[in-house]
Amino acid sequence: MDSALFLDALANLFTVEVLLAITAGVVGGIVIGALPGLSGTMGIALLVPITFGMDPVAGISMLAAIYTSATYGGSISAILINTPGTPAGAATALDGYQLTRQGKGAKALAVSAIASMIGGVVSAFALLLLAPPLAQVSLAFSAPEYFLLAVFGLLIIGSLSAGSLLKGFAAGVLGLLLATVGIDILTGYPRFTFGTTALQSGIELVPALIGLFSLSQVLILAEGRDGATEAMTSGLRGRAMPTLAELKRILGTIVRSSGIGVFVGILPGAGGDIGSWVGYNEAKRFSKGPEKEEFGRGSLKGVAAAESANNAVTGGAMIPLLTLGIPGSSATAVILGGLLIHGMQPGGALFTEQADTTYAIMLGFLLANILMGIIAVAGARYLVIATKVPVRVLVPIIVALCVVGTYAVNNSVADVWVMLVAGLVGYLMRKVGVPPAPIVLGLILGAIAEKGVRQSLVMAQGDVLGYYLSRPLSLVLLGLILMSLLAPVLAKRMRRAVPQKAEVET
Amino acid sequence: MQTPTPTRPPRRRPLTPDTVLGLVLVVLSAVFLAATFGLSAEAAAWPRGVLLALAALGAAIAVRGRRAPARPAPPAGDADPSRAPGAAPSAEPGTDADAVAAAAEARDPEGAGDGDWRPAVLRRPAAALGIIVAYVALLEVIGFLAATGLYLLAHLWFNGVRDWRVFAGVAVGVVAFIHFLFAYELSVPLPAGMLFE
């Protein structure tokens with residue numbers, strides 16, 4: 001990027017509003033991540049309507065700050081009470097909880113904070129360097145490529161979500177169906193409105209997001225199976241800061257894990273949990289002798305490896321998000337919703353016409369990671385106290401924010417009802433093992449996919465197969481789609497490569 | 001394991017949650033397919049394709065759901081092991097790696113469900129949803145802020161809070177927060193309620 005653009009982006013970034021938003025996102029994200037039962041995705045969905053009234057740089061940077069901070073926050077409960085606050089924290093619990101039992105909980109937290117910060121910063125640089133050239137490619141996209149891209153995105157997110165393949169795909173197709181509700185833009189026919197006017201404009205994204213991710217989570221929490229968070233503060237003992245020698249020993253691990261995390265993040269669909277397992281495995285493989293023995297018994301290296309990898313995933317996952325509009329995880333799917341309500345369509349335009357905003361957001365993400373490290377090292381003790389707020393008090397507050405947030409986007413009570421229905425559907429879906437993220441992605445990509453396929457049928461003039469095969473970019477995407485069909489097998493192997501014994505007890 | 005219920009007996013269940021899910025998807029596809037017949041061919045083509053895919057996936061899920069109880073160990077494919085027989089949420093057998101991975105996924109807040117459909121488990125979420133529905137219904141009647149305050153008190157009470165300081169703090173804090181952030185900062189016109197207009 002040239003220096004004028006860089007200065008513009010910096011000017012957009014360093015305003016009071018943006019800095020406050022990022023700080024709030026970091027603090028809030030850490031607390032949300034640390035509370036078992038509340039996920040970063042839920043927090044992001046809850047805040048999307050609030051960002052609606054904000055400047056796009058402030059709003060999206062705040063969402064990205066929550067994303068990365070909640071990933072770190074998940075390690076707090078993983079380390080202190082052996083309950084990962086987010087799925088990405090599962091690998092951290094293996095060694096982190098052992099360290100707590102040895103009275104080194106505070107040090108494990110500090111190592112996790114430093115590793116998370118370095119992982120996040122590395123991934124933010126990767127985002128800054130890799131996203132712009134990749135976005136250039138998307139400028140060459142036409143109707144067939146958009147269709148294939150939508151198919152690719154759905155396959156990926158459907159297949160890599162936890163649980164069954166069939167259900168993941170069904171969720172994606174269900175999202176595609178929801179996207180067809182409303183007036184067909186090409187013919188003007190109202191589809192699936194069932195005679196109501198409220199559905200003519202289609203199903204709104206924000207109520208669906210909040211319902212599927214936040215309200216459904218509330219209903220799951222209402223079952224009353226949340227873990228006790230009271231025990232967390234008791235684990236915070238011992239010297240907090242690691243010694244310089246200890247830091248030196250784990251630095252190599254952190255750097256390697258950060259690289260792995262970025263790479264896993266770029267692969268669309270592979271989220272923080274896979275990143276942390278791969279990072280952990282590799283760190284174990286590279287260690288020798290007594291150090292290797294330490295893994296699973298309280299190794300600082302293990303904590304550092306898992307945490308730097310899962311935070312590096314966040315920046316990596318934002319690369320396909322910003323350049324292609326393909327979110328790799330449920331959290332990035334919600335951030336995509338946030339981008340769209342600010343009128344930012346991922347792709348080439350983000351890096352040309354809206355470049356000053358986009359670069360400011362990416363730099364804001366970098367800043368958020370640094371801030372997260374500082375706040376986490378300095379204030380982890382105090383943030384842990386914030387997690388003592390009992391879930392039974394949090395739940396009504398979350399619901400009130402769901403309702404007012406949904407209402408605020410369009411000043412519509414009808415949207416609130418859509419949100420309630422989406423929440424109930426999301427709850428039932430989760431109970432039966434259908435992941436909500438593909439539904440949202442289908443809803444987002446549905447219109448793109450349909451438009452792409454209808455236009456390309458016209459452009460193909462009868463020879464559809466020949467037309468698709470004659471376009472080099474289409475061929476690349478077809479190759480990626482084939483690869484994505486193999487990905488579930490790989491993902492399953494990565495997920496279960498390590499968690500042989502320690503997993504069941506947690 | 002509790003006494004078998006129609007939706008969750010331990011073995012030889014005629015109607016597993018998966019079967020129900022699959023059938024619901026098939027029925028949903030059929031209903032929507034019927035709704036495409038009033039459309040022009042061009043407007044209906046894509047939705048029909050989507051619906052056929054959904055029906056096929058639904059049928060596959062239903063068939064797999066029916067077959068699952070007969071197979072103690074699903075192959076390392078895409079059957080969800082957390083719903084295999086005997087895999088109660090409280091006691092995951094740590095015998096094979098799939099079950100272990102499933103145990104990890106069961107705690108995943110965004111991942112696979114726990115498949116626990118006992119009425120005792122569902123009662124509290126249902127009641128909570130009832131309170132929330134009443135809240136939304138009251139929004140336009142008594143106004144946004146009043147309804148929110150009332151709702152917070154009701155749901156906190158339902159959740160077992162009895163400390164008046166918590167009631168006061170949460171109700172006043174959240175209502176003030178909403179008022180300042182949405183009504184004041186973001187100038188969202190919150191409904192005042194028809195009783196007061």
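To the nearest ten degrees, helix A:272-286 and the longest principal axis of the Cα atoms of chain A are 40 degrees apart. Roughly how far apart, in whole Å, are the Cα centres of region A:358-408 and region B:122-184? About 21 Å separates the Cα centre of region A:358-408 from the one of region B:122-184. Our note on the geometry: Cα centres of region A:460-489 and region A:427-455, 20 Å apart. Taking amide H as placed 1.01 Å from N in the peptide plane, the amide H of A:ARG191 sits under 5 Å from that of A:GLY182, A:ILE183, A:ASP184, each at least 5 places away or on another chain. Taking every alpha carbon pair in region B:119-196, what does the distance histogram look like in 5 angstrom bins from 0, in percent? Reading the bins upward from 0: 3, 15, 20, 22, 19, 12, 6, 2, 1.
Placing R0 at 56 angstrom, the Cβ-Cβ distance between B:ARG124 and A:ASP2 gives a FRET efficiency of 0.45 after rounding to 0.05. Quick check: Cα centre of region A:62-127 to Cα centre of region A:298-347, how many Å? Spelled out, the Cα-based centre of one part sits 16 Å from the other. One chain, two ends: A:THR187 and A:LYS388. Fully extended at 0.36 nm per residue, the span grows by 66.8 nm beyond their Cα-Cα distance.
Not counting the cut sites, what is the longest span of chain A without chymotrypsin sites (Phe, Trp or Tyr not before Pro) that DSSP labels loop and that have at most 16 other Cβ atoms within 10 Å? It runs A:195-506. Couplings 3J(HN,Hα) of region A:95-106, computed from phi: 8, x, 5, 4, 5, 4, 5, 8, x, 10, x, 5 Hz, in residue order, whole Hz [Karplus 6.51 cos²θ - 1.76 cosθ + 1.60, θ = phi - 60°; x for Gly and Pro]. For region B:45-51, 3J(HN,Hα) computed residue by residue from phi via the Karplus equation (6.51, -1.76, 1.60; θ = phi - 60°) reads 4, 5, x, 5, x, 4, 5 Hz, glycine and proline entered as x. Taking 7 Å steps out from each Cα toward its Cβ at A:ASN411 and A:VAL458 produces label points 3.6 nm apart.
Values of log10 I(q)/I(0) for region A:357-429 across q = 0.12 Å⁻¹ run -0.65, by the Debye formula with one identical scatterer at each alpha carbon and no solvent. If you wrap the Cα atoms of chain A in a convex hull and average its projected area over all directions, you get 23.1 nm². Stretching the chain fully between B:ALA137 and B:PHE37 yields a gain of 32.5 nm (0.36 nm per residue, less the alpha carbon separation).
Bear in mind these aren't lab numbers, they're just calculated from the coordinates by the rules spelled out. Owing to the predicted nature of the structure, the values given are computational and were not obtained by experimental measurement. Cβ coordinates were reconstructed from backbone atoms using ideal geometry, including for glycine residues, and neighbour counts include every protein chain displayed.
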